[in-house]
1. Could you check how many residues of segment 1-12 are in a helix (DSSP H, G or I) and either surrounded by 11 or more Cβ atoms within 10 Å (Cβ to Cβ) or touching a Gly at 6+ places or on another chain (Cβ under 7 Å) (or both)?
2. What is the residue count in segment 102-118 for residues that are surrounded by fewer than 14 Cβ atoms within 10 Å (Cβ to Cβ) and part of a helix (DSSP H, G or I)?
3. Residues of segment 66-92 being over 25 Å from GLY116 (Cβ atoms) and exposed (fewer than 15 other Cβ atoms within 10 Å of the Cβ), which ones?
4. So which residues in segment 84-128 are over 12 Å from the mean Cα position of the chain (by Cα), closer than 21 Å to LEU62 by Cα and of a type in the set (S, T, N, Q)?
5. Taking segment 13-50, which residues are open to solvent by 30 Å² or more (accessible area, probe 1.4 Å), under 17 Å from LEU74 (Cα atoms) and among the hydroxyl-bearing types (Ser, Thr, Tyr)?
Amino acid sequence: MNLLKLLQEEHSKKQCDRIVKFIGSDKKRFAGLMRLFFKGEYRVTQRAAWPMSYCVRAHPALIQPYFKPLLDNLAKNELHVAVIRNTLRLLQDVTIPHRYHGRLMSVCFDFLQSPGTPIAVKAFSLTVLGGLSEYYPDILPELQLIVGEQWDQATPAFRSRARRLSRNLPSNTATSS
């Protein structure tokens, strides 16, 4: 199967599932997808993000060699929201090496605090930060403050993630509304 051709053909759930099934737990095939994700043209990169996240959810070990490039990628300006969303989606489900915790927390806090960040990116950022709060409980008050500031204008998706996170937050959280 030619991954580039598959990604160029169509962008659909059916095509995503086909790619995920083709890759399975094969590290070489996943490496091919990651090359396209990092180095492909704009549309290919965007389309590679979706199956990448699903491959990692099914086989978390596949992402181990790619944490640094993923975080480098998230730091790029003008990155398509699909790339950001799918990167954060997969990061909420894997064990992140300790050496990347600080950088990832910074990225997620930036996404949460930026008014232009799409809600799915904010929701995934909340979940990633919630997971990291188990190692760094001192981030919980800042999360509480951000959630409280955004609560009145928050969408149901954001509120749902915030409520799940609230069990780790100190009492008197804004999510009890």
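The values are calculated or read from the model by the stated rules, or taken from the named source; none is laboratory data. In this text the structure is predicted, and so the values were computed from the model without any measurement. Cβ coordinates were reconstructed from backbone atoms using ideal geometry, including for glycine residues, and neighbour counts include every protein chain displayed. In case anyone asks, the SASA skips ligands and DNA or RNA and just uses the protein heavy atoms, side chains included. Shrake-Rupley method; radii C 1.70, N 1.55, O 1.52, S 1.80 Å.
1. Start the filter on segment 1-12 by keeping residues that are in a helix (DSSP H, G or I), which leaves 3-9.
Okay, now just the ones that are also either surrounded by 11 or more Cβ atoms within 10 Å (Cβ to Cβ) or touching a Gly at 6+ places or on another chain (Cβ under 7 Å) (or both), so 3-4, 6-9.
So the count comes out to 6.
2. 3
3. The answer is LYS68, and nothing else.
4. Answer for segment 84-128, where residues must be over 12 Å from the mean Cα position of the chain (by Cα), closer than 21 Å to LEU62 by Cα and of a type in the set (S, T, N, Q): just THR95.
5. TYR42
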